[in-house]
Every structure is written in C-alpha cells, then in structure tokens.
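Right, one structure below, let's go through it.
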Protein chains: 2
Amino acid sequence: MDAATEARVPQKLTDKGRATRARILEHAAELIYAKGVHATNNEVLRRAAGVSGSQLNHYFPTKESLVLAVIEWQAERVLTFHRSERFTQFDSLDSLREWAGFYIAYERSYQEGCTLGSLASEIIKTDLDVRTELANAFEQWRDIFRDGLERMQRLGRISTEADPTQLAYLLLSAFQGGMLLAQVARDIAPLKDALRAAIDHVQTFAMPAAVGVLDPFRH
Amino acid sequence: MDAATEARVPQKLTDKGRATRARILEHAAELIYAKGVHATNNEVLRRAAGVSGSQLNHYFPTKESLVLAVIEWQAERVLTFHRSERFTQFDSLDSLREWAGFYIAYERSYQEGCTLGSLASEIIKTDLDVRTELANAFEQWRDIFRDGLERMQRLGRISTEADPTQLAYLLLSAFQGGMLLAQVARDIAPLKDALRAAIDHVQTFAMPAAVGVLDPFRH
DNA sequence: ATGGTTGTGGGCTGTCAAGCCCAATTTGGG
DNA sequence: CCCAAATTGGGCTTGACAGCCCACAACCAT
C-alpha cells in the first residue's frame, strides 16, 4: 500500500513535483471534507489544484490511491493536532475540556463532521480497500486518549479503578457519534452534550485530592 | 416530500401493487445496508426484488425517492424496536443494559454498522435532499432515551440533577460512534466499551435506594 | 550547449448507471 | 362479457466519470 502512495514521493520526485503532489493532496482533502468523495471528481480537483488531468494519473494512478493518500494525510493531521502541546498529552481533565471546547467552537463540526470519521463512513462500504488504514488511524487516536488516562492514573488524578481503554473508546465514540448527530441536525448541541457527558464520566473517577481543584467546573 | 413517496401508496395502489412496492423497498433497504447506497443500482435491485426496470421508475421515480423511502422504513423499524416491550420504555438501568447487550451480540453491528447511521453518513454530503428526514428520525430516537431517563427520575431511580437531554445524546452518540469504530476495526470491542461506559455514567446518577438493587451489575 | 529525463497539458474513449418510453398483460368495475 | 385503468416487461438513450495516451515544455547533468 505504502509502495503505491508514499514510497514514490521522497525518491523519484523533485521539489517541484513534490509541491505539485502536495497541492493536489491538500485540495483533494479539502474537497473531500467539504463535498464528499463522490463529488470530488477528476475535473473539480483539477480546477481546484490548478493542474491538468494527466497529473492526477501521474501522482495518483487511481482514485483509490488518492483517497488512501487523503486518509493518511488527514490521519496525520488529526493525530498531530491531538499530540500538540495544547492538550499536554491529555494528562488532566482540563485538557479534555479544552479539547471538547475546540470542536464545539469549530464551525465546521456541524457542517462537515469529523475529517476522518466522515470520510470513513462514506467509503467503508465501497470496494475501495482502505479499511486497514482507517483502523490503524483510529487505533492511534484511541491510544492518545488511553495513554493520557493512564498518565492521569499514575499522577493520582483519577482512580486506578477506571478502565482507560473503555474510557478512551467512550471519548472517541462520543466524539464521532456527536459529530454525526450534529452534522445531521445542523446543530452543535448533540456534540456538545455528548462530549460534556463523556468527560463528566471521566471526572467521576477523579481522586478526592483532585476533585477539590476541578469541582468548580462540574455543572 | 411525503407526497412523492407516501401519499401515493395508500390511495392509488392495489394490494398487489403495494406488495410489489414493499418488496422493492425491503430488498433496497437490505442491499443498501449491506453494500451501501452507491452499490445498490438499478439492475442489482431489480434482480434481488424480482421486478423489472420500469417498476422502479414507477414506484420510485428517482433514486432520491427510493433512498428517502428506505430512510423512512429504517427509521420506522429502529424506532419501533426501541419502543418495543422488551425495553419497557427505558425506565430502568437494566433496560439500558439489555439494549446494549442486544447490539453487542448482533453480528452485523461490526460488519454493517447502524442501519440508520451508516446510511446517514454515506449520503449526508451528497446532493440528495434527505437531511431533514434523518434529523427527524434521530430526534425521535433521542426522545425515546430522554423520555426514559425522565421517567427514571420521576420513579426516583436516578437523581433529578441528571440532565436527561445530555445523557440521551451521550447514549445515542456512544452508540453511533461505537458502531462506526466497530465497523472500521471489524471488532465489537469499541462499541461494547463505549456503551458500557455510557451506561455506567447514567448509573452514577442512580439514587441510593435504587443502587442497592442495581449495584450487583456494576463491574 | 545538448540530449535525455522528468514534468505538464489537454483531449479521448470505454464503462456504467439513471431515467425514460412503448408495447403487452392483468385487474376490476359496470 | 367488455372496457378502461393499472400494472408489468424489457430495451434504449443520455450523461458523467475514471483511466489513458500523445505531444510539448522544462530541467539538469555531462
């Protein structure tokens, strides 16, 4: 898989070629996020990226290779974002609330949904062979939360009785499901409530010492 | 919208016609659930339902009208299922666990996802005008949970401090998100953990009197 | 400078699905 | 029994998109 999409990039392309490929990829990601995979056809992408038809065939021989590259690009983006300093590796309840606050304030949450989840849902039933790549990305995403929760346990911020895997899946599921409901309703409320409740649940495992600090945020 | 899909059914069709239309609809719903909207084309549906091409045009003039009818059909199904005796209007924590148990045991959860959520995700970004119908269905679904939670409050089973709307969105989001993650991973674990944690959160609002009865099920 | 390699441009074709039409058959009321 | 409306069958056309090809231009190493 990587051989068809990644391995070629660093070796055979010059700076200009790589820039062109990156431009196509970014426009493809944006178009797919805004309009969906199906609506992102050859001509639309060509006009958006300012390239000609054969370039798409050159850098992305098939649509499947393009979609796969977009998945990798979006996965890279969302994982990098979650690993950024801003969330301090999710080592506190505050960082979780900061995270939720970002997506609740983000306009496109209830317009286009999750950059990875929407894409996954749209194509998971098609014959495009991208499931493994998506599964990998979601596993890493879960691990970010799980690692954070385990760190909270080691720091004595939440009880060791909490199940980090289970809570990580709750956070990620509430996020994905809330995004879908918000998108369908064109209203951020479902996402806001789901994330709020999910993080409140993590907070029920907060240790007595930490509760004193964090309690003002409860309701 | 109803005028194009529903209003015609009870008036102008005979028994045989209605049976044919129902057969097309059921096969369309099954095919769309299993293979997706895009893969469910004219010919495949014609062969599956054992009807000829012009019948599709007769009962469902456009693909949009077919998809809309399938959405209504699936919404009806899932809402009826949730309103069935089995879950006693979700008036207890046990009924929530019974509900989660059903989908965790259901083979197709991690193969095809949610009958309504998968469909919604697949087509929400296309030009098909089905968003309102979907939003309506999800609102009713949320209301089933919310009404149940409010009933639990009136029965003194959970605290009046709980926010039924928020908890309803948590349950529905955890379900939808968990379904997506399970489908992508081809593993029921994400759904199981997300639902488990979501219901555990509802349980944190259980009233002292009720806790004595329900505590054996905690962990 | 020059030839070969790499990148670029636009046009072309095969495929596939949606929507439509006309002819044949069946049904149901009078 | 007959007529009109409803239902059925299969084929056909149009439109859209993915993948491909050939001619041209730019770059770079020798």
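Brief remarks follow.
- Take A:GLY156, push a point 7 Å out from Cα through the beta-carbon direction, and compare it with the same point in every other copy: 4.0 nm, smallest first.
- For chain B, the longest principal axis of the Cα atoms and the long axis of helix B:93-105 meet at an angle of about 50 degrees.
- Accessible surface buried once A binds B (1.4 Å probe; total of both sides; Å²): 3800
- Spherically averaged projected area of the convex hull of Cα atoms, the protein assembly as shown: 23.6 nm².
- Peptide packing for B:31-41, B:50-60 was compared via the average number of neighbouring C-beta atoms within 10 Å per residue; ordered from the highest value, the list is B:31-41, B:50-60.
- Net charge over other residues, Cβ less than 11 angstrom from the Cβ of B:ALA135 (K, R count +1; D, E count -1): 0
- Distance from the alpha carbon centroid of the range A:45-110 to that of the range B:67-102 works out to 35 angstrom.
- Between B:GLN89 and A:ALA189, the FRET efficiency estimated from the beta carbon spacing at R0 = 25 angstrom works out to 0.60.
- Shielding score for B:187-193, defined as the mean number of other chain Cβ atoms within 10 Å: 4
- Degrees, to the nearest 10: A:15-35 long Cα axis against longest axis of chain A: 60
- In this rough spin-label picture, where each label sits 7 Å from Cα along the Cβ direction, the A:ASN136-B:LYS63 distance is 3.1 nm.
- In this simple spin-label model, placing a label point 7 Å from the Cα along the Cα-to-Cβ direction at both A:GLU161 and B:ARG18 gives a separation of 5.7 nm.
- Rg over Rh [alpha-carbon atoms, Kirkwood Rh] for the range A:35-123: 1.08
- Only Cα pairs under 8 Å and 6+ residues apart enter the sum, and on that basis the relative contact order of chain B stands at 20 percent.
- Inter-copy label distances at B:ARG23, shortest first and taken from points set 7 Å along Cα to Cβ: 5.7 nm.
- Of all accessible heavy-atom area on the range B:2-213, the percent that carbon and sulfur account for (1.4 Å): 48
- Over all directions, the projected convex hull of the C-alpha atoms in the range B:60-219 averages 9.8 nm² in area.
- Ranked from shortest, the separations from the 7 Å Cα-to-Cβ label point of A:GLN140 to its equivalents in the other copies are 4.2 nm.
- Sorted on the mean count of surrounding Cβ atoms within 10 Å across their residues, most packed first, peptides A:82-92, B:157-167 read B:157-167, A:82-92.
- Legend: calculated FRET efficiency, A:VAL44 to B:ASN42, from the Cβ-Cβ distance at R0 = 30 Å, rounded to 0.05, equals 0.75.
The values are calculated or read from the model by the stated rules, or taken from the named source; none is laboratory data. What you are looking at is a predicted structure, and each value in this text was computed from that prediction instead of being measured. Note: ideal-geometry Cβ built from the backbone for every residue, glycine included; neighbour counts use all protein chains shown. Ligands, DNA and RNA are stripped out before the accessible areas are found, and what is left, the full protein with its side chains, is counted by its heavy atoms. Shrake-Rupley method; radii C 1.70, N 1.55, O 1.52, S 1.80 Å.
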